[in-house]
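These notes are about the structure you will find just below.
The numbers here are math on the coordinates, done by the rules we state, and not lab data. On a predicted model such as this, the values are computed, not experimentally measured, just so you know. No Cβ is skipped: glycine too gets one built from the backbone with ideal geometry, and neighbour counts run over all protein chains shown.
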Amino acid sequence: MRINKDQYAVIGNPIAHSKSPFIHGLYAQQTEQNMQYTALRFELDDFKKQLLAFFENGGLGANVTVPFKEDAWAACDTLSAGASLAGAVNTLSYINGKIVGDNTDGLGLVADLINNQSFCFANKKVLILGAGGAVRGVLKPIIDQQPLSITVANRTVAKAEALAQVFINHFNIDVCQFSDLVDQYDLIINGTSSTLSNQKLPLAASIVGSDTVLYDMMYAKDVTAFNDWGLSLGALKAVDGLGMLVGQAAESFYIWRGVRPQTHSVINAVRESL
Ligand code: ATR
């Protein structure tokens with residue numbers, strides 16, 4: 001059978017819950033692209049073999065999600081500068097028989113803050129909570145916005161120190177533990193996975209002021225525990241990671257198709273589907 005639509009996919013395990021086929025379907029409609037975007041569940045071993053099978057069967061590009069972002073990074077022939085620093089890849093393209101990797105997670109986060117939340121990074125003090133793969137994946141686009149300062153606080157401070165070293169040639173990131181945090185920040189990003197285990201972070205109320213924006217990289221139907229905490233302290237606003245999800249998809253779509261879709265209506269559509 002002849003496949004007459006350009007083939008894309010999101011790869012993960014598990015993957016049934018993924019919103020990416022819905023999001024890319026809306027983008028394809030909005031920008032009138034002749035493409036099909038499906039969800040693929042890969043087995044946990046031999047990521048590259050399964051990936052090459054997808055590409056050799058006509059796949060043009062793929063998004064990659066948990067737990068394969070590091071495997072995708074290792075599978076690439078070429079990496080963008082951002083992906084190289086991120087140590088993880090969420091966007092793959094197959095170009096002339098070569099696997100090309102990008103990371104659009106941080107671009108999605110930054111675009112959501114700037115375009116949908118009217119946030120301006122200039123002269124702002126940014127605090128990032130967590131120092132795992134999710135935070136490493138978004139740091140370069142945040143650095144590129146040149147805020148006044150970036151502080152990474154983590155339960156295990158050695159991991160935050162190691163992360164600061166990765167980016168040492170790009171920005172002087174301050175590092176500390178949660179208990180050291182006292183001063184107020186303009187933007188506080190929760191990049192820990194504490195939301196998943198429903199655990200409250202041990203943070204001082206003084207770090208949140210009436211101008212503080214909170215951004216939880218996780219998203220949920222209801223207000224996340226982290227955002228609820230910030231709002232109860234009078235934060236200016238608290239945003240969840242749904243806009244980041246839709247935003248990273250828009251950047252992947254742009255890499256593949258050369259057209260950048262509008263995200264606003266798609267964020268609303270995904271929110272309604274939760
Ligand atoms: P991810 O890919 O989601 O970043 P990860 O690399 O395992 O996953 O990193 C998880 C992050 O959440 C880490 O910063 C972790 O802190 P540690 O480095 O100290 O482990 C943080 N984290 C997870 N659960 C947490 C909790 N209950 N309290 C504080 N930090 C937590």
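A Cβ-based charge dipole, computed about the Cα centre of region 125-262 with Lys and Arg at +1 and Asp and Glu at -1, lands at about 380 debye. Lys125 sits among other residues whose Cβ lies under 13 Å from its own Cβ, and their net charge, with Lys and Arg +1 and Asp and Glu -1, is -3. Charge dipole of the chain (Cα centre as origin; +1 on each Lys and Arg Cβ, -1 on each Asp and Glu Cβ, all else neutral): 360 debye, rounded to the nearest 20. From helices alone, the chain scores -10500 deg cm²/dmol at 222 nm; the rule is -39500 (n - 2.57) for each run of n ≥ 4 DSSP H residues, then divide by the residue total. Between Ala74 and Ala16, the simple label model (points 7 Å from Cα in the Cβ direction) yields a spacing of 2.8 nm.
Structural descriptor for region 152-256: relative contact order 21 percent, calculated from alpha carbon pairs under 8 angstrom and at least 6 residues apart.
Could you pull out the pairs from Lys124/Lys221; Lys159/Lys200; Lys5/Lys48; Lys49/Lys69 whose alpha carbons sit more than 18 Å apart here? Correct reply: Lys124/Lys221; Lys159/Lys200; Lys5/Lys48. Counted as membrane-span-like here are DSSP H helices of the chain whose alpha-carbon atoms extend 20 Å or more along the helix's own axis and whose Kyte-Doolittle mean is 0.0 or above; these are 242-257. Diffusion of the chain by Stokes-Einstein, at 37 °C in a medium of 0.692 mPa s and with Rh set to the Kirkwood radius over alpha-carbon pairs, works out to 171 µm²/s.
Computed over neighbours whose Cβ is under 13 Å from that of Glu272, the net charge equals +3, Lys and Arg +1, Asp and Glu -1.
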